[in-house]
Structures are given as structure tokens and as C-alpha cells.
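Quick one: the structure is below, and I'll ask about it shortly.
The values are calculated or read from the model by the stated rules, or taken from the named source; none is laboratory data. The shown structure was predicted, so the numbers you read here are calculated from the model rather than taken from an experiment. When we count neighbours, we look across all protein chains shown, and the Cβ atoms used for this are built from the backbone with ideal geometry, even at glycine. Please note that ligands, DNA and RNA were not included when accessible areas were found on the heavy atoms of the full protein model with its side chains. Shrake-Rupley method; radii C 1.70, N 1.55, O 1.52, S 1.80 Å.
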Amino acid sequence: MQILTSLGPGGAERLVLEMMPRFNPDAFDVRLAILLDDQRALDVYGHQGRSVDVFDMRGVGAPASLLALRRHVRQTVPDVIHAHMFHSLAAAAIATTGIRQLPALCFTSHCNELAFPPLRSAIVRALRGRRAADIVFVEGQHPPLNTDNVVVIPNGVDVPLAEPVRTPWEPGGPVQLVSIGRLADQKDPLGLIHIMAAIDNPHLKLDFYGEGPLETEMRDLIAQLNLGYRVQLKGLTRDVRTVMRKADILVMPSKFEGMPMAMLEAGSEAMPVVATPVGANARILGVDRGTIAAAETFGSALVRMIADPTAALAAGRRLRRYIDDHHSIAATTRMHEMVYRQITNSRAP
């Protein structure tokens, strides 16, 4: 059983949905449960028709939903419950307390320790004894929170067989930037708008794809800085790959990250990337597969990339080869299967 907080569009949701149809059907019967009745990701990511068990924990109905989740676990008797993110872990731990056939519980946070305020950190640490395994993206990811059995499984994406052909932009001509992700403080979209205002290039344009709590503030800032002709909010997209193939550079000025799916997808499309050194970004881009820049130097690093399209596209091709070797969705799914087998075999009488 895979448990997510919701199926709102996001990286964790994308990863789970992409893995679901790739599990070996002869060995795994995989079910999907969510704690908030938000299933937009099914449509956005092309998984219409996927069966989802909903236990809506909002408001006064939360206790009844927890009881319903408990009944569901007792009826389906899963061997493994994989909780993705904090709320799913807490709900799974509460719902399975005292169950005779206790499922093996594993946990993936999908972020680094900056996303855990003190109370959440304390709860995750307190539940270490209940977890059979923690799955992390990279070695050294929030070790104070992890149980003894930590397994590193990088996120994966579908990598096209044929390498995309990208046309170099003219350094003095139009250049299309794209930002893909939630319009929230974590991704620093307001900072990116200020960077656009500081770059004196009328041919440089930026499209934001996503939604979130900062949308109104972003629109106000774009108007205030007179950037309406250069910066656009495009909303959610059902076809991230087409967006990336039409754009020139992915920009990710995030304040914190886990292992962002947008960067992996950009890499699979041989797309040049500029990102901040948070989460797994630096590990993915390395020294020659993209550009890592701190928030203070992000704008100047972007300008340098724009000035040398040949070098930028060569880095994008190197990134694609790296993603193909280390981040395929097929390999990610097989590694999850191995963990599930390991923790169930270790509990066999």
C-alpha cells in the first residue's frame, strides 16, 4: 500500500504514479491511498482511471477517516505500507497501532530536514522503532530522522530512447526560460521575478508552470515591475515534456529541495539547467552537467549561460546521459521492489 497526503500535482505524487504501473504484476498487488481528496495529479500526469482509496482527514471527519483507514488495512492485510511524507507516516502509524498482522512500514520524506519543523522532527524520530526501512534519495539525507535501515533509491523518470535535438539560441536573441513547480516560498518564485527585472535583456522571457499560494503576490509583483511582457504565469500543464522541448533553460532557484522531478525530466530532455545548491541538485548537475549558483549569484550565472549556448547545450547532453544511467523510472521501481521483498522476508517466521 502506497499512502500519500494527496494527489495534488507535485514531485512525490508524480514519482508514485509513474511507478505504479511498472511494478511486476505477478509479484506485487499495489494499492494507492490518499488522506485528502485531491486527485488532480491523475489528470495532469496522464493517469486517469487509476484506482485510489480516499480517507479524507480534513476537519471534524478526521477521526472517522482514521478508523476507516484502520479497517481498510485490516481487510486488505498489506505486507508493506509505504508512507510518503510526514502526514502519511503519522496516519499510517496511528491507523496500524495494535493490529495483530502489523504491516511493515517504510517512509520516504521527499525533502530534506529544512521541511521538518521541531514538532514534526520529534514525531518522525519517535516513530523510528515502527519503521522497517527509510528510503532516501541520496546518502546523508536527514540522518537524525532516519531508522537504522536506510536504503538509497534515486528518483527516476522516463528517458526517451532518442536524444532530443535542441537548437542553439542566439545570445542576443530570444531566450525562453521555464520554471516548473509549486508557486510557494520553497521554490522562491518571487526572487526569480526580481532576477528577471535585474537582467537587462528584453528578449529574455520566463514562463511559470504550476499553482500555489503565491500566485496573487506574483501577479502583483510582475505588474509592479512592468514585466508582463516578459514573465507569464501559465498554470498547470498536462504535458511537461512538450513545455521543456519548446523552452531553452530550466531555472530552479529553490530554497530547499529533495530530488526534484522537474530537474530529472529536464535532464532526460537534454535541457540546460541553472539551480541553487540545495537538496540533491548539486549531485545531479555535478561539475559539468549544468550550473549551480547560490541565490546571490543566480542572475549572473544565468546571464553567463545565456551568453554561451554551445556550452549550455553540451552540458544538457551530458546531463541526459547521466539521467539515463542513474535515474530511469524502471530502475527506481525495481529497487523499490527489492526493498519491499527485503523487509517482508526479514519479518517471515
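Please state the equivalent ellipsoid semi-axes for the stretch 282-349: what are the square roots of 5 times the Cα gyration tensor eigenvalues, largest first, in whole Å?
Ellipsoid half-lengths, sorted descending, are 39, 14, 6 Å.
Percent relative contact order of the stretch 201-311, based on C-alpha pairs within less than 8 angstrom and at least six residues apart?
Computed value for the stretch 201-311: 19 percent relative contact order.
For the chain, what is the largest minus smallest coordinate of the Cα atoms on each principal axis, given in angstrom and ordered from greatest to least?
68, 42, 39
So what is the relative contact order for the chain, in percent, with contacts set as C-alpha pairs under 8 Å and at least six apart? Could you put the intermediate results ahead of the total?
Numbers: 614 pairs, mean separation 58.1, N = 349.
That works out to 17 percent.
Related question: Express the carbon and sulfur contribution to the solvent-accessible surface of the chain as a percent, rounded to the nearest whole number, probe 1.4 angstrom.
Result for the chain: 52 percent of the exposed heavy-atom area is carbon or sulfur.
How would you rank 166-178, 314-326, highest first, on the average number of other Cβ atoms within 10 Å across their residues?
Ranked from most to least packed, the peptides come out as 314-326, 166-178.
Probe of 1.4 angstrom, ligands and nucleic acids ignored: what's the accessible area per residue over the chain, in square angstrom?
That works out to 45 Å² for each residue.
As an exercise, use a Förster radius of 25 Å and the Cβ-Cβ distance of D200 and K255 to find the FRET efficiency, rounded to the nearest 0.05. Display every interim value, and only then the final one.
Working: r = 26 Å, r/R0 = 1.03.
For R0 = 25 Å, the calculated efficiency reads 0.45.
Dipole of the stretch 15-102, Cα-centred, from +1 at each Lys and Arg C-beta and -1 at each Asp and Glu C-beta, to the nearest 20 debye?
For the stretch 15-102, the charge dipole is close to 300 debye.
How much length is gained if the chain between L102 and Y229 is pulled fully straight, taking 0.36 nm per residue apart and subtracting their Cα-Cα distance, in nm to one decimal?
Full extension from L102 to Y229 adds 40.0 nm.
Can you send over the solvent-accessible area of S346, 1.4 Å probe, protein chains only, in Å² to the nearest 10?
Counting only protein heavy atoms, the figure is 80 Å².
Give me the distance in nm between label points sitting 7 Å out from Cα along the Cα-to-Cβ direction at R321 and A68, one decimal.
5.2 nm
Using the alpha carbon gyration tensor of the stretch 88-232, what are the three equivalent-ellipsoid semi-axes (square root of 5 times each eigenvalue), largest first, in whole Å?
Working: eigenvalues 352, 85, 33 Å².
Square roots of five times the eigenvalues give 42, 21, 13 Å.
Enumerate the calculated ³J(HN,Hα) couplings along the stretch 134-142 in order (Karplus 6.51 cos²θ - 1.76 cosθ + 1.60, θ = phi - 60°), each rounded to whole Hz, writing x wherever the residue is Gly or Pro.
Whole-Hz 3J(HN,Hα) from phi for the stretch 134-142: 10, 9, 10, 7, 9, 4, x, 7, 5.
Taking 7 Å along the Cα-to-C-beta vector as the label spot, tell me the I123-D185 distance in nanometres, rounded to one decimal.
With each label point 7 Å from Cα toward Cβ, the separation is 1.9 nm.
While we're here: For a quick protection proxy, order the peptides 257-268, 33-44 by their average other-Cβ count within 10 Å, most packed first.
Ranking the peptides 257-268, 33-44 by packing returns 257-268, 33-44.
Less than 13 Å Cβ to Cβ from Q176, Lys/Arg counted +1 and Asp/Glu -1: what total charge do the surrounding residues give?
+3
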